[in-house]
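To keep things clear, I will list the structure first and then write my remarks on it.
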């Protein structure tokens, strides 16, 4: 995909977690374009953003601060630099409400990708690095840690401008970061005026769905049927992911209980877990649906374990090909002879 910069600027944000103080160090003007170094930096940011699988999706509330301000900008009633300064000032207000907020470089990017308008709001942390000066001496330098974007949101401007035509389609995608909790930070959502009712977190919702399916199978199905149902749903959902399709709770219900899908729907309602009726699942979390059962020679033993036991290496094969079980319950240890 080809991109073309329309506007690019960054401002420094310094936070003090002790007194909730926030100091702004704005850049005096936006980056003059075209600028090859800016293109390289933005290309790196876009690659990092698009390469992440930990995404969430939402809509901007109509008539919120960000909605009104952004409409003024794209209506050319507000210049790019002033738009960035207004956003910086609003971010300061939101950061002062958050006791553990961290700073960085607020980066605002107005760009076209494949001819379509997009707006990206990014907070990049700075990191210390080692460089070589003109006298060939080592020196400590500040670098932008692009590999660890603190937060990022990309707004599909076309979808956002046509939000009234489709009241459910998301037009904001979030990058949540690899080492973060499973939600986008509150002050960032407040800055962008995010509609919480339209907020979609595929990773979280997939994990919720897996839990619901496991609990349902445990309550309503025997072990053999539960094993088959869980594996069948995992394979079916993987097929949907491969096609780029979302799944619905009704479809899952039909997979689980073809003869009585409402039983699962009622089960979900009783569970009081807030999960959307339709979302795009995340494959890595669906693996948790897998459960295994193996029997030894002449059925001398039967072993049943979850996928999580393999991922956590509670059960594994050693170098000799022997099955090793760690964390053996104390209650059974006296009955097992030692080698």
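Since every read-out is calculated from the coordinates, none of them should be taken as a lab result. This one's a predicted model, so the numbers in the text were calculated from it and none came from an experiment. Positions of Cβ are generated from backbone atoms using ideal geometry, with glycine treated the same way; all protein chains shown enter the neighbour counts.
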Descending packing, highest mean Cβ count within 10 Å first, for 126-134, 167-175 is 167-175, 126-134
All alpha-carbon distances of the range 203-287, grouped into 5 Å bins from 0, give the whole-percent distribution 3, 15, 28, 29, 18, 6, 1
Exposure-ranked with fewest Cβ neighbours within 10 Å first, 185, 25 stand as 25, 185
Per residue, the convex hull enclosing the Cα atoms of the chain spans a volume in Å³ of 243
GNM on the chain, Cα springs under 10 Å; top mean-square fluctuation among 31, 325, 233 goes to 325
Connecting every pair of Cα atoms under 10 Å apart in the chain and solving the GNM, the largest mean-square fluctuation among 235, 280, 223 falls on 223
The base-10 log of I(q)/I(0) that the Debye equation returns for the range 3-200 at q = 0.09, 0.15 Å⁻¹, one scatterer per C-alpha, is -0.34, -0.96
If 28, 162, 251 are placed from fewest to most neighbouring beta carbons inside 10 Å, the sequence is 28, 162, 251
Rh_Kirkwood(the range 1-97) over Cα pairs, Å, one decimal, evaluates to 15.8
log10 I(q)/I(0) for the range 186-241, Debye formula on C-alpha points only (no solvent), q = 0.23 Å⁻¹, two decimals, reads -0.91
